[in-house]
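The block underneath contains the structure these notes are about, expressed in structure tokens.
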Amino acid sequence: MKAYLSIIKIRFNLLLQYRIAAFAGIVTQFFFGIIRVMVFYGFYSSTTGSVPIDYKVAISYIWLGQAMLGMIPWNGDSEIQDLIRTGNVTYELVRPMNLYNYWLARAFALRAAPTFLKSIPLFIIALLLPKEYRMELPPNILSVIGWIVTTFGALMISCTITNIINITTLYSISGDGIQRLLSAIVTLFSGMIVPLPLFPDRLKQILSYLPFSGLVDIPARFFTGKIIFNQLPKYFSFQIIWAILLYGLGQWILNRKLKDLIVQGG
Amino acid sequence: MDIVANELSKVYKIPKRKAGIMNGLKSMVHREYEEIVALNKVSFEIGKGELVGYIGPNGAGKSTSIKILSGILTPDSGECKVLDKIPYKDRINYVKNIGVVFGQRTQLWWDLPVIDSFELLKDIYKIRFGDYVKMKKELIKWLNLESFINTPVRQLSLGQKMRCELAASLLHSPSILFLDEPTIGLDAISKLAVREFIKKLNKERGVTVILTTHDMDDIETLCDRVIVIGKGEILSDGSLKSLRNRVSNERRLILDFEQGKNTFSIEGATLVREEKNRLIIDFNPDIITPANLITALSTKYKIKDILIENPPIEEVIAQLYEELKI
Amino acid sequence: MDSIKLYFKYLKLNIESQLQYKASFIMMSIGHFLITFIDFLGIWVLFQRFGSLKGFTFPEAALFYGIVHIAFSITEAWTRGFDTFHKLVRIGDFDRILLRPRTTVLQILGHDFQIMRVGRFAQGLVVLIWAVKTLNVKWTFGKTLLLIGSIIGGNFLFSGLIVLQATLSFWSVQSLEIVNSFTYGGVEAAQYPISIYKSWFRKILIYVIPLATINYFPVISILGKTDSLNYPSWMGWVSPFFGFIFFILSLQIWKIGVKHYTSTGS
């Protein structure tokens, strides 16, 4: 356990060293957020029909997505992927710890550290913007609690997906294409680009069963008060069940591949 | 004169880095600079067909000088002329006449056969077809590239790559060649091949060669003249022999004997080390000539073999640095 | 003339060397195709929900989208050398370029041409063709010319931005990411007609980084719409030239950068 903790600690320190990169990230996320908010403003002002969520909710949802961008599993752990590409992954196998859990701990650090660093300034900026761009605070304290709990759930899903991305590198050297595709799917289906409540009803229903909705949509809907607090057990267990399933899936893929590796002699 | 450098000076401004978030933010608005003198009034001349070693510790100003001479850096003051042109003015016309090899970098197309890079260089340098074919053929022969000229660069050994690198820098028949650590990281055989080639190029083609290196064997086997630079100033410029003399003119005698006395006392000579049936002696030829020393020794020892050598160049350079406190 | 011959030689070598990794090339191209397609899905979702965007229908928006993405894919392909220029400076390979008797611009362009951007290009083309077929536009010679001019002008504008970004790396590598975010943010913003944005942001897109000129004015002319912003109608015909002028200006600034480099040796 101690080893895992120290991995996480190292990652945090590393990130703090790259402050300029973090600052650039904040600027980027803010810029994209503003553009998206203005696009939504345009759409909302063009319609007279009824929309599942109103404008205020939509833009809070968007800002939340931008602030928590670091948590979206849109790429793998580049160091692990390099190890795999160069074949040095065999050294990892001789470490005295479970490879899968070790990678998972790294994934946790990879996701949690930048999110932590970048989200706070972005929250502050988004809350202080002029009225029509501004993110609204949650309606009550229960929404905040629901949001925090489901954000934790989202992190669990994110880590397990990240780890699966790491492992897919074992399958093809040219995994780059697949990974970019995966990142596009994750960003759209999680609600990052367009809030899931705005999707066509059929599609919305399908997406709500997929793990990606647990990444952005569920926490955002708690935050904006669209899901009431007593639904928390239901949604949180949805996230945890997916996290466990994905954990098992990743383990299974890895074991299968490791067997091959050992047979072929790496 | 192929190269004339006259009081070249160059100062770098390096932004100061401070730790801490606040300082990081501050430095975005206002930066403080530290000034580092890379060259301080450096002057030298190099004649046509010379093969000059340009040496000095890291950060001494070697690469700054080479950059100025090759036209990719403008000096703060002073001037230089290479082949009667000012290198950093009208870069495109100037660089046609020079070749540069960086030992640690490649100019070859990584994924493609060597010959493809050559063909590209032919077009980059606008080499006339006839000249290109002739030069290519010659370089392939001299550097023995035939067997791997159609192999992708990424599959070549370091030594093979360096040989191709040399050829690539010479396709356009430059009259001056700058070599920056051409033997770095090479195996012993490749080193010999590269040195052999440089020598041949200089002697037979009359190409002026400026060589920077940390490998003293390169200097010893190749250079008639050595320029030593340290802290941005020329410390010594002259033949290898005069460099040795400048530091100390002592020479070393190694004596193998069958039997003899244990005591040693000859004026002008000092005993450095004593091994079993062997003496290592440094002597000053101004005080005692080698002939007199040997005569003196032969009266005391039954000599089996004698060897007189110069102290190794590494020691000379180290001593020079020591003396000048760099 | 001679330079063009050399450029084609570079092109040939680029294609040959990238085709050495065929599997990777194909995967990346497909990846690029699908990523942008999923991106487009997000826009489709919004039009499904809201019907129109400030007077623009979905096929009309698709025309904007297609132009921007085709233009940007061309930029990404041929200015890749500038896009990754900071690496060239860092490893010192820019010195090598300076040592050759050719212009730096030609050598950097030749140094890296990314053929796999054909994926984004193809996707943009698919969207554009769909939009052209769906829209009720009479494609006169003039309008066709305007469409092509808009794409070429857009390409030059984006290329100018990439060159400026590369120029910045002569001074500071760390701030690159921020500028980078503006380029990509610009692509994001120009996917929609700029009339939907707030006036302050619109002004930036017209006067500061003239991204709007590449598609907004020409498309308005093509669609025969009356411009809600009341700009004169000839704007559509001159705006593709803005892109080209912007590019030429960027090259001048680039020259200043090179001069700075050769005088400070950063």
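Quick one: which residue in A:Trp63, A:Trp103 is aromatic (Phe, Trp, Tyr) and within 22 Å of C:Glu188 (Cα to Cα)? Lay out the reasoning, then the answer.
Working: A:Trp103 fails: within 22 Å of C:Glu188 (Cα to Cα).
Going through A:Trp63, A:Trp103 in turn, the sole match is A:Trp63.
B:Asn93 - would you say it is of a type outside the set (D, E, K, R), under 17 Å from B:Pro174 (Cα atoms), surrounded by fewer than 19 Cβ atoms within 10 Å (Cβ to Cβ) and within 14 Å of chain C (Cβ to nearest Cβ)?
Numbers: of a type outside the set (D, E, K, R): yes; under 17 Å from B:Pro174 (Cα atoms): yes; surrounded by fewer than 19 Cβ atoms within 10 Å (Cβ to Cβ): yes; within 14 Å of chain C (Cβ to nearest Cβ): yes.
For B:Asn93, the condition - of a type outside the set (D, E, K, R), under 17 Å from B:Pro174 (Cα atoms), surrounded by fewer than 19 Cβ atoms within 10 Å (Cβ to Cβ) and within 14 Å of chain C (Cβ to nearest Cβ) - is met.
If a residue counts only when it is closer than 30 Å to A:Trp252 by Cα and out of contact with any Lys or Arg (no Cβ under 6 Å at 6 or more places or on another chain), which helices (runs of 4 or more DSSP H) contained entirely in region A:30-113 have at least 1 such residues?
Details: elements: A:55-67, A:78-86, A:89-93.
Ranges flagged: A:78-86, A:89-93.
Assess whether C:Ile38 counts as being within 8 Å of chain A (Cβ to nearest Cβ), buried (at least 17 other Cβ atoms within 10 Å of the Cβ), at negative phi and not polar (S, T, N, Q).
Yes.
Yes or no: B:Ser63 more than 25 Å from C:Thr104 (Cβ to Cβ), in contact (Cβ under 8 Å) with a residue 24 or more places away in the chain, within 13 Å of chain C (Cβ to nearest Cβ) and open to solvent by 40 Å² or more (accessible area, probe 1.4 Å)?
Values: more than 25 Å from C:Thr104 (Cβ to Cβ): no; in contact (Cβ under 8 Å) with a residue 24 or more places away in the chain: yes; within 13 Å of chain C (Cβ to nearest Cβ): yes; open to solvent by 40 Å² or more (accessible area, probe 1.4 Å): yes.
Judged against the criteria, B:Ser63 is not a match.
Residues of region B:251-270 being within 19 Å of B:Pro312 (Cβ to Cβ) and open to solvent by 20 Å² or more (accessible area, probe 1.4 Å), which ones?
B:Arg251, B:Arg252, B:Ile254, B:Thr270
Restricting to region C:159-195, give me the number of residues that are in contact (Cβ under 8 Å) with a residue 60 or more places away in the chain, within 22 Å of A:Gly33 (Cβ to Cβ) and part of a helix (DSSP H, G or I).
Selection size over region C:159-195: 6.
Okay, residues lined up against (1) of a type outside the set (Ser, Thr, Tyr); (2) away from chain C (no Cβ under 12 Å):
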{"position": "B:Lys41", "(1), (2)": "yes, yes"}
{"position": "B:Gly56", "(1), (2)": "yes, yes"}
{"position": "B:Ser70", "(1), (2)": "no, no"}
{"position": "B:Ile124", "(1), (2)": "yes, no"}
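Regarding A:Asp77, is this residue at pLDDT 75 or above and over 30 Å from A:Pro130 (Cβ atoms)?
yes
Only residues that are aromatic (Phe, Trp, Tyr), surrounded by fewer than 22 Cβ atoms within 10 Å (Cβ to Cβ) and under 16 Å from the mean Cα position of the chain (by Cα): list them for region A:200-237, please.
Residues of region A:200-237 aromatic (Phe, Trp, Tyr): A:209, A:212, A:222-223, A:229, A:235-236.
Add one more test, that the residue is surrounded by fewer than 22 Cβ atoms within 10 Å (Cβ to Cβ), and what stays is A:209, A:229, A:235-236.
The one that is aromatic (Phe, Trp, Tyr), surrounded by fewer than 22 Cβ atoms within 10 Å (Cβ to Cβ) and under 16 Å from the mean Cα position of the chain (by Cα): A:Phe236.
Evaluate the following for C:Ile30: is it over 19 Å from the mean Cα position of the chain (by Cα), closer than 11 Å to C:Arg120 by Cα and within 12 Å of chain A (Cβ to nearest Cβ)? Can you show your working first?
Details: over 19 Å from the mean Cα position of the chain (by Cα): yes; closer than 11 Å to C:Arg120 by Cα: yes; within 12 Å of chain A (Cβ to nearest Cβ): yes.
It is true that C:Ile30 is over 19 Å from the mean Cα position of the chain (by Cα), closer than 11 Å to C:Arg120 by Cα and within 12 Å of chain A (Cβ to nearest Cβ).
Quick one: what pairs do we get from region C:88-109, first residue at the interface with another protein chain (Cβ under 7 Å from one of its Cβ atoms) and touching a residue at least 12 places away in the same chain (Cβ under 8 Å), second among the polar types (S, T, N, Q) and open to solvent by 10 Å² or more (accessible area, probe 1.4 Å), C-beta under 8 Å, 6+ apart or different chains?
Short answer, once both residue conditions are applied: C:Leu98/C:Thr104; C:Leu98/C:Thr262; C:Arg102/C:Ser3.
Counting only residues that are touching a helix residue (DSSP H, G or I) at 6+ places or on another chain (Cβ under 6 Å) and farther than 26 Å from A:Asp217 by Cβ, how many does region A:23-65 have?
Looking only at that region, the number is 1.
So which residues in region C:161-184 are open to solvent by less than 40 Å² (accessible area, probe 1.4 Å) and at pLDDT 85 or above?
Scanning region C:161-184 gives C:Leu161, C:Ile162, C:Val163, C:Gln165, C:Ala166, C:Thr167, C:Ser169, C:Phe170.
The values are calculated or read from the model by the stated rules, or taken from the named source; none is laboratory data. Computed from a prediction, not measured in an experiment: that's the story for all the values here. Neighbour counts are summed over all protein chains in view; Cβ atoms, including those assigned to glycine, are modelled from backbone coordinates with ideal geometry. Side chains included, ligands, DNA and RNA excluded: accessible areas come from the protein's heavy atoms. Shrake-Rupley method; radii C 1.70, N 1.55, O 1.52, S 1.80 Å.
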